[in-house]
Amino acid sequence: MTVGTLIRQGAAEHPDRLFVSFEDTTLTYGEYFERCLRVANLLSGRLDPGRSPHVGVLMENRLEYLEIIGGAALCGAVVVGVNATRRGSELERDIRHTDCQFVVADEPGTGLLGGLDVPPVFAVGSTSDGALATEPVTDTGWPVDDDDLFLLIFTSGTTGAPKAVKCSHKRMLGTGTMVADLVGLTGEDCAYVSLPLFHSNPLMCGYLPTLVRGARMALAPRFSVSAFLPEVRRHRATYFPYSGKPLSFLVAAPERDDDAENSLRICYGNEGSFRIVERFEQRYGARVIDGFGPSEGAMGFPRKPGDPPGSVGKPPDNIKVLNDDGSPCPTASFGPDNELLNPDECVGEIVNVTGVGRFEGYYNNPEAEAQRVRDGKYWSGDLGYMDADGFLYFAGRTEDWVRVDAENFPPRPIEVLIERHPDVLACAVYGVPDEAAGDRVMAAVQPFPGRALDANELYAHLVAQPELSPKWLPTYLVTADELPRGVTQKVLVRELRREKFLLGRARGPVWWRERGEEGYKPLTPADEERIRKGFAEAGREHLLDI
């Protein structure tokens with residue numbers, strides 16, 4: 001069984017059933033299969049059989065993206081979802097690292113690739129309107145096995161460059177079936193998919209479950225708070241897959257009396273704090289299942305109603321919290337105000353001690369793969385602690401990578417950009433918790449002796465750098481005469497993470513910018529109090545004390 005087989009079956013069993021809607025265009029299962037066949041014939045004719053059949057896709061959400069995925073599934077090509085938030089040499093590296101024979105891009109994507117040393121680029125317009133029109137709607141029965149590689153989905157790594165997670169047909173079908181079962185998806189449901197298709201979530205939790213159950217999918221160009229309810233109502237969507245902050249944004253939107261008057265039945269995703277989940281359920285009238293687990297698929301479990309506030313749920317027995325030497329960490333101790341009393345003892349790495357789950361490795365990155373899989377165990381890179389009842393609490397990440405708005409990225413490229421400033425001697429970039437979900441970017445900067453670093457000059461310097469991704473701009477900035485260092489003179493980022501942006505801990509003046517602001521301003525005690533209140537309202541205040 002492959003994803004291509006699933007597409008064929010859908011067209012054979014219900015050819016006239018609506019499969020996907022995008023803006024004012026709809027495709028039935030039969031029409032989608034026909035378009036995928038044209039793409040499959042195009043790809044098989046252009047790919048060099050002597051090389052890895054990898055095709056980069058750099059575009060916003062649109063029907064052509066789904067058609068390329070489906071065509072690749074039929075003919076055995078591999079889709080590399082190129083992260084559209086990357087820029088310059090970082091973008092060039094991603095494409096070359098994954099051995100793409102060519103890249104299919106829309107107009108914005110083509111603009112990002114201009115001047116870069118990348119394989120041939122095919123614009124969506126000419127590929128779909130011109131070349132595809134002459135391709136036959138012929139199913140040649142390409143030989144594809146369920147163990148064959150199907151997708152490469154980027155995540156973040158420890159070496160300063162993203163990792164490409166290998167996803168076979170078997171992996172995608174297994175995950176899609178699991179999600180469909182978990183949310184009770186049927187052929188009468190409609191999934192509202194709004195996250196970018198280079199993410200794992202819209203594919204594993206939206207596209208595949210839809211195919212598995214013969215359901216409908218409403219594809220949005222992007223997630224939008226203002227468009228969410230009108231689109232859900234328009235498409236009669238019953239299921240919403242999410243990752244990161246969409247629930248928080250929707251809860252923070254101005255409330256209307258008719259918010260609960262919608263067709264949504266259930267939502268499934270990750271990184272939704274328990275209080276945000278509760279408020280979303282009460283306001284929009286839909287059940288939320290929030291899960292925990294990396295995109296690698298090595299572990300995963302949902303939070304259940306009644307689980308302790310702040311926990312990510314009770315994991316199965318094979319998920320443990322271990323020290324670096326593999327020994328189990330003691331359970332957490334809490335004070336009268338539920339404060340964590342023994343973080344230095346109880347916090348360790350979250351590990352699957354019985355295997356690697358659905359993880360199939362990283363493409364072209366044996367070092368990162370060896371770091372994840374040790375002694376037959378999968379070491380997640382996530383920090384956590386367990387309470388006496390076996391509930392797990394997420395406590396950050398062991399690796400120097402950051403997750404902002406469901407985007408993962410390593411800090412080293414940002415440090416390189418900061419260090420280009422003539423007044424900067426050294427810096428460290430790291431993630432600090434966001435009050436709603438995921439992280440915010442923070443930078444600790446050490447200027448050259450005798451030089452005074454102006455925070456807003458640094459801001460102007462950063463936004464002028466062509467490689468700067470929109471997600472990379474630090475929210476918080478601390479300047480210090482000395483950064484904490486170990487015996488090998490490496491900056492002790494863990495200490496900086498513990499200090500965070502809190503005025504009583506930070507080793508120097510703290511500057512910050514609120515979402516959408518241009519430039520930095522000093523963080524005041526009143527600002528910190530307001531930020532702490534936001535953490536408390538989201539049920540994430542414990543993250544400030546770790």
Order by neighbour count: Ser89, Ser311, Ser44, fewest other Cβ atoms within 10 Å first, most last. Ser89, Ser44, Ser311
Set Lys and Arg Cβ to +1 and Asp and Glu Cβ to -1, take the dipole of segment 3-216 about its Cα centre, and tell me which of Val55, Phe19, Ile7 lies farthest positive. Val55
Sites Thr26 and Glu188, calculated FRET efficiency, Cβ-Cβ separation with R0 22 Å, nearest 0.05: 0.85
Relative contact order (percent) for segment 3-216, with alpha-carbon contacts under 8 angstrom and 6 or more residues of separation? 20
Expressed as a fraction of 2.2 N^0.38 Å, the rule-of-thumb size for a compact globular protein of N residues, what is the C-alpha radius of gyration of segment 307-397? 1.15
Only Lys, Arg, Asp and Glu count, each charged at its Cβ (+1, +1, -1, -1), so figure out the dipole size of segment 1-95 about its Cα centre, rounded to 20 debye. 320
Can you give me the C-alpha center-to-center distance between segment 468-546 and segment 418-444, rounded to a whole angstrom? 8
Across 10 Å bins from 0, what is the distribution of all Cα-Cα pair distances for segment 449-546, in whole percents? 13, 39, 38, 10, 0
Which order results if Asp147, Asp405 are arranged by neighbouring Cβ count within 10 Å, fewest first? Asp147, Asp405
Enumerate the amide H contacts of Trp472 below 5 Å, restricted to partners 5 or more residues apart or on another chain; note that Pro and chain-start residues carry no placed amide H. none
Please report the orientation-averaged projected area of segment 1-114, defined via the convex hull of its C-alpha atoms, in nm². 7.7
Normalised Cα Rg of segment 3-216, dividing by 2.2 N^0.38 Å with N its residue count, works out at 0.97
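Calculate how many DSSP beta bridges within the chain are antiparallel, expressed in % of all such bridges and rounded to the nearest 5. Write down the numbers at each step before the final one.
Numbers: 49 of 83 bridges.
Taking every DSSP beta bridge with both residues in the chain, the antiparallel ones total about 60 percent.
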Given only helices, namely DSSP H runs of n ≥ 4 each adding -39500 (n - 2.57), what is the per-residue ellipticity at 222 nm of the chain, to the nearest 500 deg cm²/dmol? -8500 deg cm²/dmol
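When Phe150, Phe448 are ordered from fewest to most other Cβ atoms inside 10 Å of their Cβ, what list results?
Details: Phe150 26, Phe448 12.
So the residues, fewest neighbours to most, are Phe448, Phe150.
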Can you list the lysines whose alpha carbon is less than 16 Å from that of Lys471, not counting same-chain residues fewer than 8 positions off? Lys245
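Find out how many positive minus negative residues lie around Asp94, taking Lys and Arg as positive, Asp and Glu as negative, among other residues whose Cβ is under 14 Å from that of Asp94. Write out the running numbers ahead of the final one.
Working: positive: Arg86, Arg87, Arg93, Arg96, Lys163; negative: Glu90, Glu92, Asp99, Asp117, Glu407, Glu467.
Once positives and negatives cancel, what remains is -1.
Which whole-number percent is the relative contact order of segment 307-397 (Cα, under 8 Å, 6+ apart)? Show your work: numbers first, answer last.
On the way: 156 pairs, mean separation 31.6, N = 91.
Once normalised by length, the contact order is 35 percent.
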How big is the gap, in Å, between the Cα center of segment 191-230 and the Cα center of segment 310-387? 30
What's the magnitude of the charge dipole for the chain around its Cα centre, counting Lys and Arg as +1 and Asp and Glu as -1 at the beta-carbon? Answer in Debye, nearest 20. 160
On a full-extension model of 0.36 nm per residue, what is the gain between Arg451 and Phe301, subtracting their alpha-carbon distance, rounded to one decimal in nm? 49.0 nm
If you take all C-alpha pairs in segment 406-451, what percent of them are over 16 Å apart? 43
Can you give the Rg to Rh ratio of the chain, both from alpha-carbon atoms, with Rh computed by the Kirkwood formula? 0.96
For segment 485-544, state which GluC sites (Glu not before Pro) are in a DSSP loop and have at most 15 other beta carbons lying within 10 Å of their beta carbon. Glu514, Glu517, Glu518
Which values of log₁₀ I(q)/I(0), to two decimal places, follow from the Debye formula for segment 66-143 at q = 0.16, 0.18, 0.27 Å⁻¹ with a uniform point scatterer at every Cα? -0.66, -0.81, -1.41
Kirkwood hydrodynamic radius (C-alpha pairs) into Stokes-Einstein, segment 229-360, 10 °C and 1.306 mPa s, D in µm²/s: 93
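No lab work stands behind these numbers, since they all come straight from the coordinates. All of these numbers come straight from a predicted model, not from anything done at the bench. Note: ideal-geometry Cβ built from the backbone for every residue, glycine included; neighbour counts use all protein chains shown.
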